[in-house]
1. Percent antiparallel among DSSP beta bridges with both residues in region 239-366, to the nearest 5?
2. Based on the alpha carbon coordinates of region 239-366, what radius of gyration and maximum Cα-Cα distance (Dmax) apply, in Å?
3. In whole Hz, what ³J(HN,Hα) sequence does region 101-107 give by Karplus (6.51, -1.76, 1.60; θ = phi - 60°), x for Gly and Pro?
4. Among 327-334, 95-102, what's the highest-first ranking by average C-beta atoms within 10 angstrom per residue?
5. So what is the relative contact order for region 186-293, in percent, with contacts set as C-alpha pairs under 8 Å and at least six apart?
6. Take THR196, THR306 and order them by how many other Cβ atoms sit within 10 Å, fewest up front.
7. So what is the calculated 222 nm ellipticity per residue for the chain, using -39500 (n - 2.57) for each DSSP H run with n of 4 or more, over all residues, to the nearest 500 deg cm²/dmol?
8. Comparing VAL144, VAL353, VAL233, which has the greatest mean-square fluctuation in the GNM of the chain with Cα pairs linked when under 10 Å apart?
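No value in this document is a laboratory result; all are computed from the given coordinates. All values reported here derive from a predicted model rather than from experimental measurement. Neighbour counts are summed over all protein chains in view; Cβ atoms, including those assigned to glycine, are modelled from backbone coordinates with ideal geometry.
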Amino acid sequence: MTVGTTEGITIDELQLAVRNHSMPLEGLRYDVTPIGMHYLLTHFDIPLVDAARYELSVGGRVRKPLRFTLEEITAKPATTLAVTLECAGNGRARLSPRPVSQPWLGEAVGNAEWTGTPLASILEEAGLLADAASVVFTGLDRGVQGAVDQWYERGLSLEDAMRPEVLLAYGINGVPLPPQHGFPLRVIVPGWYGMTHVKWLRSITVTDTPFAGFQQAVKYQYRAAANEAASPVTRILPRALMVPPGMPDYMTRKRFVKPSTVSIEGRAWSGRGAVAKVEFSADGGATWSLAELDRGTSPHGWRRWTHTWDATRPGEYELCARATDTAGNAQPLEQRWNVEGVQNNAIQRIAVVVGASHEVQVPADAE
Ligand SMILES: Nc1nc2c(c(=O)[nH]1)N[C@H]1C(S)=C(S)[C@@H](COP(=O)(O)O)O[C@H]1N2
Ligand SMILES: [Mo]
C-alpha cells in the first residue's frame, strides 16, 4: 500500500484536487460561508437524485421500520444551525512524505447554516429496540476504495446519534442542498470531522453492534506508523486561520504589505470545546500575542478573531495564528506525521514582505 511520497503531486492527486476544492482564505471574511466557497469533498461520483422519487428508509433494530419522502421530511419541525465543517485530511499535503489522497493544504473548511430536522425524533418515531447500539448512515454514492466495492457509509454510536444538534439537513444557507453538498438530504453532526456528515442519505440502519465498514474501521484511523495502534478520527481539533493581509503573488501567494498598522482578521473553531483563545505571531511562532476573540453566533460554528499588527518596519515576516480550546487542546507548531494524513492542525504560516509600495516586486508575468 502506498503510504506516502516525497515527489511532486501526481496526476491522480491533481484529479482529486480539481474535483474537490477548499475554501479560498479570503472566504474567512464571511460569518456564513457563501455556498460556492464552502469546501467540497466527494469520494466517488455525485449521484443524480430525482426528488419526486426519493425515499429515506429507517430500519434495523427498530420497532417500526419507516420510509419518508422528501416532502414528509421537510414537513417535520425544522432547526437551522451554523456549523463549521472541516475535512479530517485538512493539511495532509504539507506532510512529508505526503500521504497519497486528496492533497489539502489547510483550507478544507466552511461555516454554513444548515436547515433540517433532528435525527433523534426520527429514531424515536421508529422506536428503538432495547439492543440498539449504533446507527449506520448509507449514501446513494458507490465506488471502489482500497479494493473494496462500497456504498459510502459511516456509523455513529446511539449516544452520539441521539444528541439534539444532529440533523437530517435538506437546506444550506436558506436554499435546498445543491447536488454537490448532498441533495436532497444529508447528515450534519456538529463538531465532528467531515466524513461523518453523510451526503445523499439513502438509509438509516440501527444496529446492535458498532459499524465496522471501510470508511469507519479501515479509513479515518489515526496511526503514527503503519504497524502502530489506530485510534478513530472523531471530533475536530482546534484551528485558527487568518485572511492573508495585503496582496498576493500569483504563483507563490506570498503577501506584499505597505509599512502600516494592519488589521488582521480570521476565524477559529474546535469540535472538542469552545475556543478559549487565539494567539498571533509575526515571527514564525517565536513570540505570541493574544488576539481579540468575538463571541460567535453559534455554539457549533467558528468565531471571528482580530489583531492589530504593527507592520511599520520593512522586512520579511512569517505570520501565524494558534487556537486553544476550553478542553486544553492547542495547535502544534509542527505537523505530526501519520499514515492517512488526518488531524493535521499545525499552525498556519503566511510569508509576508513589508515594503514601501515602489519597493514591492510585483512579478512581471502576473495575469
Ligand atoms: N455520501 C457521501 N457523504 C460524504 C462524503 C462522500 O464521499 N459521500 N464525503 C465525506 C467527507 S470525507 C467530507 S469531508 C464531507 C464534505 O462535505 P461537503 O462536500 O458538503 O463540504 O462529506 C462527507 N460525506
Ligand atoms: Mo473529508
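1. 90
2. So, for region 239-366, Rg and Dmax equal 15.8, 48 Å respectively.
3. Working through the residues one at a time gives 5, 3, x, 5, 8, x, 10 Hz.
4. Top to bottom by mean Cβ count within 10 Å: 95-102, 327-334.
5. Averaging sequence separation for qualifying contacts and normalising by length gives 20 percent for region 186-293.
6. Values: THR196 26, THR306 15.
Ranked by crowding around the Cβ, least crowded first: THR306, THR196.
7. Working: 4 runs with 26 residues, N = 367.
Result for the chain: -1500 deg cm²/dmol, rounded to the nearest 500.
8. The residue that fluctuates most here is VAL144.
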